[in-house]
Amino acid sequence: MTLLKVGGLTKKFGPQAVLRGIDLDVQPGERIAILGASGSGKSTLLRCLNFMEMPDSGTVALDDQVVGRRENELVKVRQRIGMVFQQFNLFPHMTAIGNVMEGLRTVRRFAKRDARARAEKELARVGLADKAETYPAHLSGGQKQRVAIARALAMDPELLLFDEPTSALDPELVGEVLNVIRALAEEGRTMLLVTHELGFAYHVATRVIFLADGTIHEQGTPDEVLKHPKKERTQAFLARHKEFSL
Amino acid sequence: MKWDFSSVFANTDALVVGAAGTLHIFAICLVAGLSLGLVVGLGRYARTPWFRWPATAFVEFFRNTPVLVQILWFYFALPMLMPFEISPLAAAALGISLNSAAFSAEIYRGGIQSIEPGQWDGARALGMSWGQAMRRIILPQALKRMTPALTNRAIEIFKMSTLASAVAYVELLQQGKLIASLNYNPIEAYTTVAVIFFVFLWPMVQFTYVLERRLRRSE
Amino acid sequence: MTYRWDFTPVLANAPLLAEGLVNTLKVTGVSLGCGLAIGLALALMRLSRHRLASWPAGFVIEVFRTTPPLVQLFWFFFALPLIVGLSMTPFLAACVTFSIQSAAFFAEVFRAGIQSIERGQWDGARAIGMTHGQALQRIILPQAVKRMIPAFMERAIELMKTTTLVATIAYADLLFAANELSQKTFRPLETYTVVALIYFVVIFLASQIARLLELRLARSGESTVH
């Protein structure tokens with residue numbers, strides 16, 4: 001059963017066409033790394049999958065059910081898909097555990113006690129049980145992102161979307177976040193990961209997609225795309241990321 | 001319920017007289033308020049406390065007292081100290097102008113302070129006096145930034161002109177009261193007065209939005 | 001001939017003035033409370049994507065910001081009762097006028113406050129499946145309101161001054177008490193001077209408190225909206 005089926009996705013911002021027809025099937029347990037130059041449409045693609053951006057045309061089907069455009073349907077879909085942002089987007093007026101509990105309490109209508117218990121588990125899973133009562137302003141970037149991951153996990157998502165989760169972090173904080181993502185991958189979670197961390201993508205992904213000009217330029221296993229790219233633009237892109245060493 | 005504006009239209013000349021009165025007091029208070037405000041605003045910024053403290057006291061007092069109280073004070077209280085009478089126009093104009101001077105003083109002060117110190121340095125390094133620096137370098141730049149706030153002040157002054165009706169000065173609202181009491185048609189009378197004010201003020205408000213947008217773009 | 005000041009008749013009638021002050025505060029308080037609630041509703045309507053909500057809200061906001069408060073007061077006290085067939089006490093007319101007028105102002109402050117919250121917060125809220133309303137209620141508004149406190153205080157102080165207008169429709173606020181007292185004691189100079197000072201003290205204190213609040217907010221790192 002295909003978890004996510006995307007057909008003919010297009011998206012324009014004003015006169016600029018960002019996505020020119022994306023077809024994508026995601027099976028359960030797949031970890032797909034999405035690479036590409038800035039402006040290639042990586043973030044837009046991800047944001048179209050949970051309808052944070054509305055595609056101009058094309059279909060998205062979750063569990064073989066095509067998602068309509070009505071707001072109450074979209075709200076339900078977003079409860080089944082988790083998203084982690086480059087800028088964390090934590091709620092500054094709530095503590096770490098408050099952030100993780102928020103979805104459970106407001107969206108899933110858990111009782112406060114149950115939400116808290118679950119939130120404590122998720123915070124422990126990302127290694128931040130001791131920071132539960134801390135406000136985001138007093139957390140490091142890496143800690144903030146881990147809380148954001150815990151917040152997404154608390155909703156029991158069928159699919160996780162990571163939009164450049166480490167791009168806004170200082171280099172020494174990147175590792176702690178990647179470790180959490182790797183652990184999730186080893187659990188067999190289905191995820192789409194937009195990233196510039198090519199080494200990480202190589203080791204964690206089951207499939208790599210290279211986007212250029214709003215379409216899937218090349219895709220395959222990490223070995224195929226990252227070590228032996230066939231297309232010239234993919235090669236040029238990888239050459240620019242010389243720090244990538246296998 | 002029937003709306004009958006005919007009695008209002010029959011009294012157009014009364015409304016015209018009222019409008020003239022409104023514009024008259026508006027012009028007086030605008031000029032007096034904004035220019036006195038400039039003097040007081042510069043006084044707030046002066047280096048000697050002899051100018052600073054009275055200016056601050058002036059601003060604090062006239063910003064924190066209601067205009068209507070000031071108008072009535074000038075109309076009823078001041079004549080007790082003066083050998084002459086104070087006309088409704090004088091009382092209302094005094095109250096509104098002093099209040100506007102206090103508010104615009106703060107606008108001027110804020111505008112002047114927003115000019116970076118480097119400009120002062122540049123002017124002084126050329127050997128300019130405080131007055132020359134203020135006049136040639138600081139104020140011209142500050143005035144550009146202050147125009148939206150000052151225009152807002154002008155709009156407020158226009159609205160405050162209605163307070164003069166409390167001492168029976170002949171302006172639009174006073175005429176509206178007159179028409180309403182003579183013709184027993186408060187609905188039509190006051191609606192007409194409201195519409196006239198809206199017609200006067202709406203372009204001014206739109207102008208402020210345009211000014212604010214242009215300012216934001218140029219900064 | 002110099003004037004001989006005599007404050008005793010004024011001080012002897014202090015209870016009258018005190019009652020007037022209480023009534024001033026009553027009108028201010030009620031109008032502020034209702035104005036906040038109506039203002040939030042107007043702001044949300046103004047921000048709505050449905051023109052049926054945003055246009056009427058925009059109309060109300062513009063009309064109440066572009067007409068003089070005294071004209072509005074007269075209209076609500078003299079004209080509205082004839083239209084609706086209800087009789088209006090001065091207190092009611094004052095509260096209705098100043099509530100809607102404050103609401104028009106607050107609506108713009110709310111709108112600026114809500115729009116000042118960065119888009120990432122909406123993203124974070126929607127990504128966990130919140131509806132627009134839940135995001136607004138749980139995430140956006142709590143952050144926006146903190147930023148708008150200085151503007152609210154500014155308006156509250158402004159409102160305290162505007163309420164003097166009710167004296168013109170014979171509501172027994174502090175200014176009306178001053179008028180009465182001045183006529184009763186034939187001491188307009190002392191009466192109006194004392195009343196002006198009372199207003200000054202009350203409003204000055206309020207604005208100092210507002211200034212302190214704004215300083216504390218600025219120190220805690222909150223940006224503010226005006």
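Out of curiosity, is B:ALA194 within 30 Å of B:PHE103 (Cα to Cα), open to solvent by 40 Å² or more (accessible area, probe 1.4 Å) and in contact with a helix residue (DSSP H, G or I) (Cβ under 7 Å, 6 or more places away or on another chain)? Taking the combined requirement at face value, the residue does not satisfy it. Checking each residue in the range C:166-184 for being over 14 Å from B:LEU72 (Cβ atoms) and open to solvent by 30 Å² or more (accessible area, probe 1.4 Å) picks out C:ALA170, C:ALA172, C:LYS184. If the condition is being without any contact (Cβ under 8 Å) to a residue 24 or more places away in the chain and part of a helix (DSSP H, G or I), then the range B:44-59 contributes B:PRO49, B:TRP50, B:PHE51, B:ARG52, B:TRP53, B:PRO54, B:THR56, B:ALA57.
For every residue, the table says whether it meets (1) under 27 Å from A:MET1 (Cβ atoms); (2) in contact with a helix residue (DSSP H, G or I) (Cβ under 6 Å, 6 or more places away or on another chain).
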site: A:MET155; (1), (2): yes, yes
site: A:LEU161; (1), (2): yes, yes
site: A:ALA185; (1), (2): yes, yes
site: A:LEU192; (1), (2): yes, no
site: A:PHE200; (1), (2): no, yes
site: A:VAL208; (1), (2): yes, yes
site: A:THR221; (1), (2): yes, no
site: A:HIS228; (1), (2): no, no
site: A:PHE237; (1), (2): no, no
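Candidates A:GLY58, A:GLY8: the one that is part of a strand (DSSP E or B) and loosely packed, with under 14 Cβ neighbours inside 10 Å is A:GLY8. Under the condition of being touching a Pro at 6+ places or on another chain (Cβ under 8 Å), at pLDDT below 95 and among the hydroxyl-bearing types (Ser, Thr, Tyr), the residues counted in the range C:63-97 number 1. Remark: pairs (first residue in the range B:1-30, more than 27 Å from B:GLU156 (Cα to Cα); second residue not in a helix (DSSP H, G or I); Cβ separation under 8 Å; 6+ apart in sequence or on different chains) = B:ASP4/B:ASN185; B:SER7/B:ASN185.
Working only within the range A:11-45, note down all residues that are hydroxyl-bearing (Ser, Thr, Tyr) and open to solvent by 60 Å² or more (accessible area, probe 1.4 Å). Spell out the reasoning first.
Just the residues of the range A:11-45 that are hydroxyl-bearing (Ser, Thr, Tyr), to begin with: A:38, A:40, A:43-44.
If the condition is that a residue be hydroxyl-bearing (Ser, Thr, Tyr) and open to solvent by 60 Å² or more (accessible area, probe 1.4 Å), then A:SER38 is the only one that fits.
Scan the range A:107-116 and tell me whether some residue there is touching a residue at least 24 places away in the same chain (Cβ under 8 Å), open to solvent by 10 Å² or more (accessible area, probe 1.4 Å), under 24 Å from C:GLU118 (Cα atoms) and within 11 Å of chain C (Cβ to nearest Cβ). Scanning the range A:107-116, I find at least one residue that is touching a residue at least 24 places away in the same chain (Cβ under 8 Å), open to solvent by 10 Å² or more (accessible area, probe 1.4 Å), under 24 Å from C:GLU118 (Cα atoms) and within 11 Å of chain C (Cβ to nearest Cβ), so the answer is yes.
Within the range A:226-241, the set of residues being open to solvent by less than 20 Å² (accessible area, probe 1.4 Å) and either of a type in the set (Lys, Arg) or free of Cβ contacts under 8 Å to residues at least 40 places away in the same chain (or both) comprises A:LEU226, A:THR234.
Residues in the range A:80-89 that are more than 7 Å from chain C (Cβ to nearest Cβ) and not in a helix (DSSP H, G or I): 5 in all. The sole residue among C:LEU52, C:LEU44 that is part of a helix (DSSP H, G or I), exposed (fewer than 13 other Cβ atoms within 10 Å of the Cβ) and of a type in the set (A, V, I, L, M) is C:LEU52. Within the range B:113-151, the residues that satisfy the criterion of being open to solvent by less than 70 Å² (accessible area, probe 1.4 Å) and within 20 Å of the chain's Cα centre (by Cα) are B:ALA142, B:MET146, B:THR147, B:PRO148, B:ALA149, B:LEU150, B:THR151. Tell me whether the range B:30-40 contains one or more residues that are within 14 Å of chain C (Cβ to nearest Cβ) and within 25 Å of B:VAL193 (Cβ to Cβ). Scanning the range B:30-40, I find no residue that is within 14 Å of chain C (Cβ to nearest Cβ) and within 25 Å of B:VAL193 (Cβ to Cβ), so the answer is no.
Among residues that are in a loop (DSSP other than H, G, I, E, B) and among the hydrophobic types (A, V, I, L, M, F, W, C), C:LEU32 is not included. Looking at A:GLY36, A:GLY103, just one residue is over 22 Å from C:ARG138 (Cβ atoms) and either touching a residue at least 40 places away in the same chain (Cβ under 8 Å) or touching a Gly at 6+ places or on another chain (Cβ under 7 Å) (or both), and that residue is A:GLY36.
Scan the range C:74-85 and give yes if some residue there is closer than 27 Å to C:PRO150 by Cα and free of Cβ contacts under 8 Å to residues at least 60 places away in the same chain, otherwise no. Even if it seems obvious, please write down each step before you answer.
Residues of the range C:74-85 closer than 27 Å to C:PRO150 by Cα: none.
So far as the range C:74-85 goes, no, none of its residues is closer than 27 Å to C:PRO150 by Cα and free of Cβ contacts under 8 Å to residues at least 60 places away in the same chain.
For C:GLN101, state whether it is over 18 Å from the mean Cα position of the chain (by Cα) and either touching a residue at least 12 places away in the same chain (Cβ under 8 Å) or open to solvent by 10 Å² or more (accessible area, probe 1.4 Å) (or both). Considered against the rule, which asks whether it is over 18 Å from the mean Cα position of the chain (by Cα) and either touching a residue at least 12 places away in the same chain (Cβ under 8 Å) or open to solvent by 10 Å² or more (accessible area, probe 1.4 Å) (or both), C:GLN101 comes out as no.
You will find that of C:PHE59, C:PHE106, C:PHE78, C:PHE91, the residue that is within 20 Å of B:ASN152 (Cα to Cα) and either open to solvent by 20 Å² or more (accessible area, probe 1.4 Å) or within 14 Å of chain A (Cβ to nearest Cβ) (or both) is C:PHE59 and no other.
Can you find, within the range A:61-79, the residue that is surrounded by the most Cβ atoms within 10 Å (Cβ to Cβ) among those that are more than 11 Å from chain C (Cβ to nearest Cβ) and outside any loop (DSSP other than H, G, I, E, B)?
Let us first name the residues in the range A:61-79 that are more than 11 Å from chain C (Cβ to nearest Cβ), namely A:61-70, A:73.
Pick out the ones that are also outside any loop (DSSP other than H, G, I, E, B) and you get A:61-62, A:65-66, A:73.
Working: A:ALA61: 15, A:LEU62: 20, A:GLN65: 11, A:VAL66: 10, A:GLU73: 13.
That would be A:LEU62.
Looking at (1) among the aliphatic types (A, V, I, L, M); (2) assigned to a helix (DSSP H, G or I); (3) crowded, with 22+ Cβ neighbours inside 10 Å, which is the one condition that is false for C:ILE203? Condition (3) is where C:ILE203 drops out. Scanning the range C:1-22 for residues that are within 32 Å of the chain's Cα centre (by Cα) and either assigned to a helix (DSSP H, G or I) or free of Cβ contacts under 8 Å to residues at least 12 places away in the same chain (or both) yields C:VAL10, C:LEU11, C:ALA12, C:ALA14, C:PRO15, C:LEU16, C:LEU17, C:ALA18, C:GLU19, C:GLY20, C:LEU21, C:VAL22.
From the list C:MET153, C:MET160, the one residue that fits, being in contact (Cβ under 8 Å) with a residue 24 or more places away in the chain, at the interface with another protein chain (Cβ under 9 Å from one of its Cβ atoms) and open to solvent by 10 Å² or more (accessible area, probe 1.4 Å), is C:MET160.
Restricting to the range C:116-138, give me the number of residues that are in contact with a Ser or Thr (Cβ under 8 Å, 6 or more places away or on another chain) and facing chain A (nearest Cβ under 7 Å).
Here the count works out to 3.
The number of residues in the range B:73-95 that are facing another protein chain (nearest Cβ under 7 Å) and open to solvent by less than 10 Å² (accessible area, probe 1.4 Å) comes to 1.
The values are calculated or read from the model by the stated rules, or taken from the named source; none is laboratory data. Quick caveat, the model's predicted, so the values are computed rather than measured. Note: ideal-geometry Cβ built from the backbone for every residue, glycine included; neighbour counts use all protein chains shown. Only protein heavy atoms, including side chains, enter the accessible area calculation; ligands, DNA and RNA are left aside. Shrake-Rupley method; radii C 1.70, N 1.55, O 1.52, S 1.80 Å.
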